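Undergrad: Have a look at this one.
The numbers here are math on the coordinates, done by the rules we state, and not lab data. Everything quoted here is computed from the prediction, not taken from an experiment. So basically every Cβ, Gly included, is an ideal-geometry build from the backbone, and we count neighbours across all protein chains shown.
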Amino acid sequence: MTRDEQRIAAAEAAAALVEDGMVVGLGTGSTAAHFIDTLIRRVRDEGLRITAIPTSKRSDRQARDGGIRMTNFAAERAIDLTVDGADQILLGRLDLVKGLGGALLREKIVAAASKRLVIIADGSKLVDRLGGLVPIPVEVVEFGWESTAARIEKLGGTPVRRWPENSDQPFRTDGGNYILDCTFGELPDPSGLEQALSYTIGVVESGLFIGMADTALVGTDEGVKRFDKAG
């Protein structure tokens, strides 16, 4: 199986968990888009009745165009099930690196409001340690971002402001903030770094999702494997 075929298989397995009447959190990124496509087919072909809260404008647009009924936190305080992708998944604990797609703040808000967070990915995303060659996305406010970057450097990171390809303007999140992609190397203490970043003035949120995922459905050449959080 190609990596994309693995992602599609994981997305289909996650979509099978969705039941009538659920409020569903919709992740962002290429893998989450496969999940949304599968939900659209279930709504259209099976008459599945759900409402959804998206983590980005593009996921909102995809779901609405496909006929999924949307809702928001004014109407719903809790989400039954959120399905999202990840850039890295730590074996055992299921701690995550997310945000290379640029929606980490909204993704974390939705994840925190969810009764269950299921992560879908291809097999390459499973790791023994977070970090390494994958940067940690950190969303920061525009004002004084250079000062914020300097504070992140003192934590041991090398921050680089994200720029879209073929653009003369830096990347902005749906909330209008910048993202600094911060290389730390392998992380011996992801929880400690997440806490340190959360205390850093100018940081809105980081792409470290610690202790939030309940289950990971991972596509492999042998089929979809399920991993549940240890303990």
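Undergrad: Take the Cα atoms of the stretch 136-206, build their convex hull, and give its volume per residue in Å³.
TA: Once divided by residue count, the hull of the stretch 136-206 is 86 Å³.
Undergrad: In the Gaussian network model of the chain, springs joining C-alpha atoms below 10 Å, which of G185, G219, G102 carries the largest mean-square fluctuation?
TA: G185
Undergrad: Then there's this: Note down the magnitude of the dipole of the stretch 136-206 about its Cα centre, charges +1 on Lys and Arg C-beta and -1 on Asp and Glu C-beta and zero elsewhere, to the nearest 20 debye.
TA: 180
Undergrad: Per DSSP H run of at least 4 residues, take -39500 (n - 2.57); add these up for the chain, divide by its residues and hand me the 222 nm value, nearest 500 deg cm²/dmol.
TA: When only DSSP H runs of four or more count, the value is -9000 deg cm²/dmol.
Undergrad: Take the stretch 33-130, compute every pairwise Cα distance, and split them into 5 Å bins from 0; I just need the percent in each bin.
TA: Spelled out bin by bin, the stretch 33-130 gives 2, 12, 21, 24, 20, 11, 7, 2, 0 percent.
Undergrad: Sticking with this structure for a sec: State to the nearest 20 debye the size of the charge dipole of the chain about its Cα centre, where the only charges are +1 on K and R beta carbons and -1 on D and E beta carbons.
TA: 440
Undergrad: Starting with the fewest neighbours, write out D80, D221 ranked by other beta-carbon atoms found within 10 Å of each beta-carbon.
TA: D221, D80
Undergrad: Out of these labelled values of semi-axes √(5λ) of the Cα gyration tensor in Å, [x] 33, 21, 17; [y] 26, 23, 15; [z] 29, 20, 16, which was calculated from the coordinates shown here?
TA: For semi-axes √(5λ) of the Cα gyration tensor in Å, the calculated option is [z].
Undergrad: With a 10 Å Cβ neighbour count serving as the proxy for reagent exposure, in which order, fewest first, do V204, V83 appear?
TA: V204, V83
Undergrad: Take the Cα coordinates of the stretch 8-58, assign each an equal point scatterer, and use the Debye formula without solvent to give log10 I(q)/I(0) at q = 0.23, 0.32 Å⁻¹.
TA: -0.84, -1.40
Undergrad: In what order do V23, V138 fall by count of nearby beta-carbon atoms within 10 Å, going from fewest to most?
TA: Least crowded to most crowded, the residues run V23, V138.
Undergrad: While we're looking at this one, here's another question. Let me have the relative contact order for the chain, percent, based on Cα pairs under 8 Å that are six or more residues apart.
TA: RCO, the chain: 24 percent.
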